[in-house]
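Okay, so here's the structure we're looking at.
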Amino acid sequence: MVLKWGIVSAGKISNDFTCAMKNLPKDEHEVIAVAARDKARADNFAKIHNIPTAYGSYEEIAANPNIDVVYVGVINTQHLSVCKTMLESGKHILCEKPLCMNYKEAEKLIKIAKSKSLFLMEAVWSRFFPVYDKLRLSLEKEEIGDVVQLTANFGLEIYSERVKQKQFGGGVVLDLGVYTIQLAMLVFGQNTPFEITSVGHLNQDKVDESCTCIIKYPKGKTATTILHSIVRLENDAYIYGTKGFIKIHQPFWCPTKITVNGEKFEYPLPDSDKGRYNYTNSAGLNFQAKEVYRCIKQGLLESPLMSHEDSLIFARIEDTIRSQLGVKFEVDE
Ligand SMILES: NC(=O)c1ccc[n+]([C@@H]2O[C@H](COP(=O)([O-])OP(=O)(O)OC[C@H]3O[C@@H](n4cnc5c(N)ncnc54)[C@H](OP(=O)(O)O)[C@@H]3O)[C@@H](O)[C@H]2O)c1
């Protein structure tokens, strides 16, 4: 089976995802079109990546009957409307994180995907790195005993207006939060009840520029996370258990190294288009493309490793944290 991809937006992450796809087998993945709001941008993107068709609107890519699946790399505020257009045209979807602006939107989108029997996944790419396979296995085997504490920080100096401005759906919770939240849910189990306490600072546009969040679980278990857009942090994650600890070496959201009770394991990134990426370790974006292929081939409408339920839980937590910080978007009304 050859999965025919369309790329929606000619932005930074779309560039990285398209580069990362290049070393996947040609008889499994083919990028056949790109769309941008502006035809010249789409043409330029198509030229760089050797994509046969470029469109100057998202509607045109939706109308192409040869496309099986779209990668949606537009700004957060546009995820719901763009994904809805794609689903209504019968396309499967891999959508950048956060799936939507809030729980209400995510629920609506998932409902549409289900009603159309189409695949939909939030691109939480961390979960498909080999380090995360090792982590899941290690937790399953209880190699560090009973897990009681997670500490995960994600802080970078971020200058992008996309993250600073409310009109683009900015803020650290929506930009970085999903990575620490997904790790906490993976480690402690998403069905475990929890309480959240968050504090943070808002910028002039009233979006969160930093946030410290504590998730308290029963039986003495806690996740402590810091998100920051003003300063770079040590972006390792530590998982402490009664018999030892696991370190996911930075960058913990797209890692190549993990240490379990002092033993270090390394998993190199796929070798593809080095030097053309905008973001850290973006070659690893192809792990999630492989998962999309596997799921669609098997007729699955969601990935068991990054399910619709996962997206809804993350959205609910992001809503709670934003409300504790006092960050409100128009769509929250
Ligand atoms: N997985 C990751 O590691 C990762 C990293 C960074 C970002 N992301 C996610 O990817 C998405 C895009 O981020 P990015 O860094 O690629 O941003 P970006 O370079 O600014 O690109 C965003 C794209 O959004 C499109 N867009 C649609 N409506 C828009 C509007 N009203 N104003 C401005 N742009 C609009 C533009 O597409 P056109 O080309 O059509 O104009 C633009 O190229 C975000 O949801 C972000 O959370 C994920």
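Of note:
- Among the residues listed as F119, F128, the single one being touching a residue at least 60 places away in the same chain (Cβ under 8 Å) and within 13 Å of the ligand (Cβ to nearest atom): F128
- Residues in region 287-333 that are of a type in the set (D, E) and either in contact with a His (Cβ under 7 Å, 6 or more places away or on another chain) or in a loop (DSSP other than H, G, I, E, B) (or both): E302, E333.
- Only a single item in (1) within 20 Å of Q190 (Cβ to Cβ); (2) open to solvent by 60 Å² or more (accessible area, probe 1.4 Å); (3) within 15 Å of the ligand (Cβ to nearest atom) is not met by P304, and it is number (3).
- Only one of F188, F194 that is aromatic (F, W, Y) and open to solvent by less than 60 Å² (accessible area, probe 1.4 Å): F188
- Selected residue (criterion: farthest from L118 (Cα to Cα)) from residues of region 66-94 that are open to solvent by 10 Å² or more (accessible area, probe 1.4 Å) and in a loop (DSSP other than H, G, I, E, B): I75
- For region 36-53, the tally of residues that are in contact with a Phe, Trp or Tyr (Cβ under 9 Å, 6 or more places away or on another chain) and farther than 21 Å from Y277 by Cβ stands at 2.
- Just one residue in the set V207, V199 is out of contact with any Pro (no Cβ under 6 Å at 6 or more places or on another chain), open to solvent by 20 Å² or more (accessible area, probe 1.4 Å) and touching a residue at least 40 places away in the same chain (Cβ under 8 Å); that residue is V199.
- Within region 102-110, none of the residues are within 12 Å of the ligand (Cβ to nearest atom), of a type outside the set (D, E) and open to solvent by 40 Å² or more (accessible area, probe 1.4 Å).
- Of the criteria (1) in a loop (DSSP other than H, G, I, E, B); (2) more than 16 Å from the ligand (Cβ to nearest atom); (3) touching an Asp or Glu at 6+ places or on another chain (Cβ under 6 Å), which one L233 fails: (3)
- Residues in region 25-62 that are among the basic types (K, R), within 13 Å of the ligand (Cβ to nearest atom) and surrounded by fewer than 17 Cβ atoms within 10 Å (Cβ to Cβ): 2 in all.
- Looking across region 143-182, just one residue is of a type in the set (D, E) and either open to solvent by less than 30 Å² (accessible area, probe 1.4 Å) or touching a Pro at 6+ places or on another chain (Cβ under 9 Å) (or both), and that is D175.
- For region 1-12, the set of residues classified as surrounded by 22 or more Cβ atoms within 10 Å (Cβ to Cβ) and in contact (Cβ under 8 Å) with a residue 60 or more places away in the chain consists of W5, G6, I7, V8, S9, listed by residue number.
The values are calculated or read from the model by the stated rules, or taken from the named source; none is laboratory data. Everything quoted here is computed from the prediction, not taken from an experiment. All Cβ positions, glycine included, derive from the backbone under ideal geometry; neighbour counts span all protein chains shown. All accessible areas refer to the heavy atoms of the entire protein, side chains included, with ligands and DNA or RNA removed. Shrake-Rupley method; radii C 1.70, N 1.55, O 1.52, S 1.80 Å.
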